[in-house]
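What follows is calculated from the coordinates using simple rules that are stated; it is not laboratory data. Keep in mind the model is a prediction, meaning the values are calculated, not measured. Note that we place each Cβ from the backbone using ideal geometry, even for glycine, and neighbour counts take in every protein chain shown.
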Amino acid sequence: MIHIVDTIHKIEVPMACRKVEKMIPLYLDGELSTETKVSVRAHIQHCTKCHDFKKDVKRVIALRGKLDRIRVPAGLTEKIQRTLENSQNKRRK
Ligand SMILES: [Zn+2]
């Protein structure tokens, strides 16, 4: 039974959230290969968690562009990094 659930999960989530979250900033910057981009997009479409995370990262990136002249408030990048680390730690437990 566990094996069946595991198999279904793999089909529905081709890439681990952890992996996707790390790639989202690159995805938004357009720095991923087409193949990876398609996988990330497919994952986001089915994963609410990663979809919300993408929205957050996008907001920060947009903000960073606007505030380029006066620099990003200290801690903003750190905050994203911490979010990534926290979500990874939670999944590991
Ligand atoms: Zn996900």
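Details
- Cα-projected label distance for Thr36 with Lys49, points at 7 Å along beta-carbon direction, nm: 2.1
- Neighbour counts of other Cβ atoms within 10 Å put Glu21, Glu78 in the fewest-to-most order Glu78, Glu21.
- Local charge for Val40 was computed over the other residues whose Cβ lies under 11 Å away, with Lys and Arg +1 and Asp and Glu -1, and equals +3.
- Fewest-first ranking of Cys50, Cys17, using other Cβ atoms within 10 Å as the exposure measure: Cys17, Cys50
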